[in-house]
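Okay, structure first, notes after.
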There are 2 protein chains.
Amino acid sequence: LSKNLALRLIVAAVGIPSLILICYLNGIFLLVFSILLAGLAGFELASMFRKKGYHVNVPFSIILPVILILAAYFRLPVINILAISFFLISSIIILRYSSKADIQINELLNDFFANLLPVFYIGLLGIFIIYLGAVPDQGGRLLIYVFLIVWAADTAAYFGGKALGRHKLTISISPNKTWEGFYFAFIGALIAAIVSRLLFLEMGWLKIVVITLVACFFGQIGDLLESGLKRHCGVKDSSAILPGHGGIFDRFDSFFFAVPVVYLFNLYWH
Amino acid sequence: LSKNLALRLIVAAVGIPSLILICYLNGIFLLVFSILLAGLAGFELASMFRKKGYHVNVPFSIILPVILILAAYFRLPVINILAISFFLISSIIILRYSSKADIQINELLNDFFANLLPVFYIGLLGIFIIYLGAVPDQGGRLLIYVFLIVWAADTAAYFGGKALGRHKLTISISPNKTWEGFYFAFIGALIAAIVSRLLFLEMGWLKIVVITLVACFFGQIGDLLESGLKRHCGVKDSSAILPGHGGIFDRFDSFFFAVPVVYLFNLYWH
């Protein structure tokens, strides 16, 4: 047992029950968790871009996603916050260029994007954690189900890919990932979904199978997108805050994508 | 009178009364106008990025902003459409990289951004045209007021800058713009606001002055941002659809920024 794997297991042994408890308690506990998650992931994303040399406003990257989470919790119109964020970020981009002749215009797009993404990725997707938790009757249980399918998918992909992986999935983004691991993720997620359905979740069998497969697909898209952004910025982990696991954003990349999928399917499928 | 200026004046002589009529009629007329505006601006923005070599999905750049406008009109939750758009665009970005070894990772961020921006700029800001038009009692009149202050600001900035402009505003984005033109824009906008207030708009004097100044400021940020994006992509106009005026996006860049400002101030300032 390597030291790294031991650390991973200890963090998981503390973290997984804590997260399940937070989802179960819901309300203010989920709000505090979501604020920490969005603020830290926004900070990590901004830091990644700064390492690449982009001019990112770090306070905005933390505060704007947090304000979005708070707005979602207090049922304020988040779309207004998104528009205000767009204005603030546009202004700082333009102000950087005002009256200066020595700034290259090619930087503009990268700087603009690097400032927008913490809000329009972490913030936009993060608010759905609040929305899903607020689903009547079983919001907390739906969140626990999402965590379980995401963890099961990750684990199945890792071990399945290690044992049987032969065909590369995305060589230029994440060279160790394989199509075999990609398919194993769905098997892992389905097993976790069946367990959730038998133990605590009230949902039709067809609905839970479809939601799980779609959430698992987009969870893996989220995982690859985060890997792509990291590779673009030349960093291996989004931070080192979780011993053995890397950063918050590394651990929750699939979760950010899976939560809105489950929320939207649950909302529109009656 | 040059041929270009004559064309400009003819388009303005037809276009300005038409737009005022559309705002006055409101409802379905405003919806159709907003759909055309968002679809065309989305198309122009995508085309600009394609000229720069980015891999942009043009249909998505047209359809997703249009769906946002429709969702706003029918009072559906636009935030859900934004999340779905984010997922669709993330997926096409990742699919482009799947299994291919010969794609440079540096393209990923630019491609991602170039696909997101039509939705999260044109679409996000465009829905506020619908929201402002739907303000009780004087929604249409508020839109007419926004058009008047934006046109007055543009015109005052142009002639004021031409007559007195000496200090460059943003050399690297738009070398002809000056600080003098920037200040003249506020004077032009204020005159248009006073005329609007005297003729048709019900609003306290302090409120209209503050809203006008803030909307004029962000309108100019919107103008410069669009110029910056054009310069980044190496194009002079966003398209040639309006004879003498360039593209739709060129003509409405300030409008996209001014409308949400007026909507938000009007919403929160009682």
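The values are calculated or read from the model by the stated rules, or taken from the named source; none is laboratory data. Worth saying up front: this structure is predicted, and the values here are computed from it rather than measured. Neighbour counts are summed over all protein chains in view; Cβ atoms, including those assigned to glycine, are modelled from backbone coordinates with ideal geometry. Ligands, DNA and RNA are excluded from the accessible area calculation, which covers all protein heavy atoms including side chains. Shrake-Rupley method; radii C 1.70, N 1.55, O 1.52, S 1.80 Å.
Odds and ends about this structure:
- Cβ-vector label at 7 Å, A:Ile92, separations to other copies in nm: 2.9
- Close amide H pairs (under 5 Å, H built 1.01 Å from N) link A:Thr178 with A:Leu169, residues at least 5 positions away or on another chain.
- Inter-copy label distances at B:Gly244, shortest first and taken from points set 7 Å along Cα to Cβ: 7.3 nm.
- Its convex hull of Cα atoms gives region B:60-128 a direction-averaged projected area, equal to a quarter of the hull surface, of 4.5 nm².
- Note: region B:93-166, Cα convex hull, 129 Å³ per residue.
- Global dimensions of region B:105-147 from alpha-carbon coordinates: Rg and Dmax equal 16.0, 52 Å.
- Rolling a 1.4 angstrom probe over the protein heavy atoms with all chains in place gives region B:1-50 an accessible area of 54 Å² per residue.
- Overall, the accessible surface of chain A at a probe of 1.4 angstrom is composed of carbon and sulfur to the extent of 69 percent.
- Helix A:27-51 and the long axis of chain A differ in direction by around 50°, with both axes built from C-alpha atoms.
- Projecting the Cα atoms of A:Tyr54, A:Val32, A:Pro65 onto the charge dipole of chain A (Cβ charges, centred on the Cα centre) puts A:Tyr54 farthest toward the positive pole.
- Taking every protein chain into account, the accessible area of region B:154-247 amounts to 48 square angstrom per residue (probe 1.4 Å).
- In chain B, the longest principal axis of the Cα atoms and the axis of helix B:205-233 are about 40 degrees apart.
- Chymotrypsin sites (Phe, Trp or Tyr not before Pro) restricted to DSSP loop in region A:26-130 with at most 13 other C-beta within 10 Å: A:Phe74
- In degrees, nearest ten, helix B:248-268 long axis to first principal axis of chain B (Cα): 70
- Between region A:243-270 and region B:5-65, the Cα center-to-center distance that results, in Å: 35
- Taken residue by residue and averaged, Cβ atoms of other chains lying within 10 Å of the Cβ of A:59-69 number 0.
- Size check on region A:149-266: the Cα extents along the three principal axes, sorted descending, read 44, 30, 24 Å.
- Working note: Debye formula, equal point scatterers on the alpha-carbon atoms of the protein assembly as shown, no solvent; log10 I(q)/I(0) at q = 0.06, 0.08, 0.12 Å⁻¹ is -0.31, -0.55, -1.13.
- Take the accessible area of A alone and of B alone, subtract that of the pair with a 1.4 Å probe, and the total buried over both chains is about 5000 Å².
- Each copy carries a label point for B:Arg50 at 7 Å from Cα along the beta-carbon vector; from one copy to the others these points are 3.9 nm apart, nearest first.
- Minimum Cβ-to-axis distance in chain B for the rotation onto chain A, with residue, whole Å: B:Phe113, 2
- Expected 222 nm ellipticity per residue - DSSP helices of 4 or more, -39500 (n - 2.57), all of the protein assembly as shown, to 500: -26000 deg cm²/dmol
- Region A:37-98: C-alpha gyration tensor shape, a/c 1.5 cut-off, then a/b vs b/c: oblate
- Drop in accessible area of at least 40 Å² in the complex versus isolated chain, residues of region B:116-136, 1.4 Å probe: B:Phe120, B:Leu124
- Stokes-Einstein D (µm²/s) once Rh is taken as the Kirkwood radius of region B:1-158 over alpha-carbon pairs, at 4 °C in 1.567 mPa s: 74
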